[in-house]
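Asker: Structure provided below as structure tokens; questions to follow.
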Amino acid sequence: MRKMLKDSSANFKETTIAAVSTGLTPAGIAVIRLSGPEALSVADRVFSGRKKLLSVRTHTVHYGKIVDPESDQEIDEVLATVMKGPHSYTGEDVVEFSCHGGLFTARKILSLLFSSGAVPAEPGEFTKRAFLNGRMDLSQAEAVMDIIGAENEFALRAGVSGLRGDISQRIRGIREEILNETAFIEAALDDPEHYELTGYAERLGEALQPVKETLTELLRVADYGSILAEGIRTVIAGRPNAGKSSLFNLLSGHEKAIVTEIPGTTRDVLETHVSFGPLSLILMDTAGLRETGDRVERIGVQRAKDAIEAADLVLYVLDGTEGVTEEDRKALSECAGKPVIVLRNKTDLMENASAEDGEILFSARTGFGMKALEERINALFDAKKLTFNDEVVITNERQKALLRKALRSLELVDQGIAAALSEEFLASDLTDAYAALSEILGEAVSDDVIDRVFERFCMGK
Ligand code: GDP
């Protein structure tokens, strides 16, 4: 904490920061954000409206012009939104100028603010100040990032829930129960006449049981939540000519589809992000290798196997006109342990297409079966069940690691009880669990951790 106090928190109460908070492309409007003790007076140096912003009420919007104080040149017409601390995003006085969206305009206004006393904000600094000023805890600050980075409905909902404080609340609840136990042990050790420790270890073991279950459940949902938030890694597999590429193209051209198309690490693995209902798939096409000779084919097969190994879901394409061959059976058995959806493809060529148990009748040519595929994926990943009403979904790796750490410490308590260790030792493991949970909220964390969280933020946030 010390370095941070010196580097940023010591200054952060004195400096006024500014940045363009909207994207770096020309747009209808751009927003320039100012935060700090001098935000209003710095803004007034460049803003010319009916009233000085210093004199207006908080949470009001004002029309005016940006004028270069040196040259008196008019730069743009803007709306200035004034939010005085502590009821602002950062907890400090904040002014946001909405100007006409040209990049040049926004940068010009920003440079005027710099020459009028503001300093450039670092990436994530507004949110960092919100955290340092106690406007949000660290898990909420991380949720802000998740909302910005959300690429699907699920990730967005997880982010909003985190920002609302669902994670914080749950973690505080668990922490409280641990604290009660540590407090009791400490009281009993201090004052053995009034507190009885006989039989306590057993009671402690019982009391911790539901706490461990809650942590385990949070971790289970967390693992699953990451898959959903980041995208379900989906591999299309099947024999040559079954229709894998056709399926890939169909899915990437899906009406609700594509975000980006990025060539993978090698030319032959294509990765496409596809929104599929409320979920997104990271669709990997490993096809396209086999045509070019044996050696390449072998590499291709190996690569397909690796991809399947790393996948969350396999879409296995069968050529319906040929039925299930020995090769298919072998390939399918290699997918054992993975969720697999078998598509009986090319049904448009078949008179009486029939599917075996669990298969989906499909045509990559006509799109027949898409609805069934979508429903199957949703059912498989239980997208609807995660309503966020009573479920807390942690998708952040830092938070997950700390949950695991807390659970491990509680398991050590259990072992300690079994080994009849003295209560002091039990209290020490309980304290570790407590500390890990506190770190999720950003309490008593080192400045390195804070820096690491915020350096992933974008400019102006
Ligand atoms: P891959 O080798 O598994 O990637 O298979 P392709 O997607 O390249 O398809 C092989 C051939 O089957 C191509 O000529 C496709 O046009 C054709 N094909 C794929 N899916 C269908 C389908 O559903 N119906 C019909 N009629 N042809 C298909």
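The values are calculated or read from the model by the stated rules, or taken from the named source; none is laboratory data. What you see is a predicted model; the values in this text were computed from it and never measured. Virtual Cβ from ideal backbone geometry, glycine too; neighbours counted across all protein chains shown.
Asker: Of the residues that make up segment 164-178, is at least one at pLDDT 90 or above, farther than 30 Å from PHE457 by Cβ and touching a Phe, Trp or Tyr at 6+ places or on another chain (Cβ under 8 Å)? Write out each step before concluding.
Answerer: Filtering segment 164-178 for residues at pLDDT 90 or above gives 164-178.
Within this subset, residues satisfying the condition of being farther than 30 Å from PHE457 by Cβ are 176-178.
Right, trim to touching a Phe, Trp or Tyr at 6+ places or on another chain (Cβ under 8 Å) and you get 178.
Yes, segment 164-178 contains a residue that is at pLDDT 90 or above, farther than 30 Å from PHE457 by Cβ and touching a Phe, Trp or Tyr at 6+ places or on another chain (Cβ under 8 Å).
Asker: Can you pull out the residues in segment 96-130 that are in contact with a helix residue (DSSP H, G or I) (Cβ under 9 Å, 6 or more places away or on another chain), in a strand (DSSP E or B) and under 14 Å from LYS461 (Cα atoms)?
Answerer: Matches in segment 96-130: PRO120 only.
Asker: Right, another one. Answer yes if at least one residue in segment 333-353 is in contact with a helix residue (DSSP H, G or I) (Cβ under 7 Å, 6 or more places away or on another chain), within 16 Å of the ligand (Cβ to nearest atom), within 21 Å of PHE154 (Cβ to Cβ) and not in a helix (DSSP H, G or I), and no otherwise.
Answerer: Yes, segment 333-353 contains at least one residue that is in contact with a helix residue (DSSP H, G or I) (Cβ under 7 Å, 6 or more places away or on another chain), within 16 Å of the ligand (Cβ to nearest atom), within 21 Å of PHE154 (Cβ to Cβ) and not in a helix (DSSP H, G or I).
Asker: Right, another one. Which of the numbered conditions does LEU402 fail, given that it passes all the others? Conditions: (1) under 18 Å from LEU219 (Cα atoms); (2) out of contact with any Asp or Glu (no Cβ under 6 Å at 6 or more places or on another chain).
Answerer: The failed condition is (2).
Residues are listed down the side, and each one gets a yes or a no for (1) in a helix (DSSP H, G or I); (2) within 27 Å of GLU397 (Cβ to Cβ):
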{"site": "ARG172", "(1), (2)": "yes, yes"}
{"site": "ASN180", "(1), (2)": "yes, no"}
{"site": "ILE185", "(1), (2)": "yes, no"}
{"site": "LEU189", "(1), (2)": "yes, no"}
{"site": "LEU197", "(1), (2)": "no, no"}
{"site": "ALA201", "(1), (2)": "yes, no"}
{"site": "GLU213", "(1), (2)": "yes, yes"}
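Asker: Looking only at segment 135-181, how many residues end up being of a type in the set (Val, Ile, Thr) and surrounded by fewer than 19 Cβ atoms within 10 Å (Cβ to Cβ)?
Answerer: 3
Asker: If you don't mind, another one. Would you point out which residue out of ALA311, ALA242 is over 29 Å from the mean Cα position of the chain (by Cα), among the hydrophobic types (A, V, I, L, M, F, W, C) and at pLDDT 85 or above? If you could, list the steps in order and put the result at the bottom.
Answerer: Working: ALA311 fails: over 29 Å from the mean Cα position of the chain (by Cα).
Step by step, each of ALA311, ALA242 is checked, and only ALA242 is over 29 Å from the mean Cα position of the chain (by Cα), among the hydrophobic types (A, V, I, L, M, F, W, C) and at pLDDT 85 or above.
Asker: Let me ask another. Tally up the residues in segment 46-67 that are under 20 Å from PHE114 (Cβ atoms) and crowded, with 17+ Cβ neighbours inside 10 Å, please.
Answerer: Applying the first criterion (under 20 Å from PHE114 (Cβ atoms)) to segment 46-67 yields 46-48, 53-54, 64-67.
After this cut, where a residue has to be crowded, with 17+ Cβ neighbours inside 10 Å as well, the list is 46-47, 53, 64, 66-67.
Adding up the residues that qualify gives 6.
Asker: Which of the residues belonging to segment 310-366 are in contact with a Ser or Thr (Cβ under 6 Å, 6 or more places away or on another chain) and among the acidic types (Asp, Glu)?
Answerer: Hit for segment 310-366 is ASP348, nothing else.
Asker: Can you tell me which residues in segment 317-332 are within 11 Å of the ligand (Cβ to nearest atom) and buried (at least 19 other Cβ atoms within 10 Å of the Cβ)?
Answerer: The answer is VAL317, LEU318, ASP319, GLY320.
Asker: Here is a further query. Would segment 86-93 turn up any residue that is outside any loop (DSSP other than H, G, I, E, B) and surrounded by fewer than 20 Cβ atoms within 10 Å (Cβ to Cβ)?
Answerer: Let us first name the residues in segment 86-93 that are outside any loop (DSSP other than H, G, I, E, B), namely none.
No, that holds for no residue.
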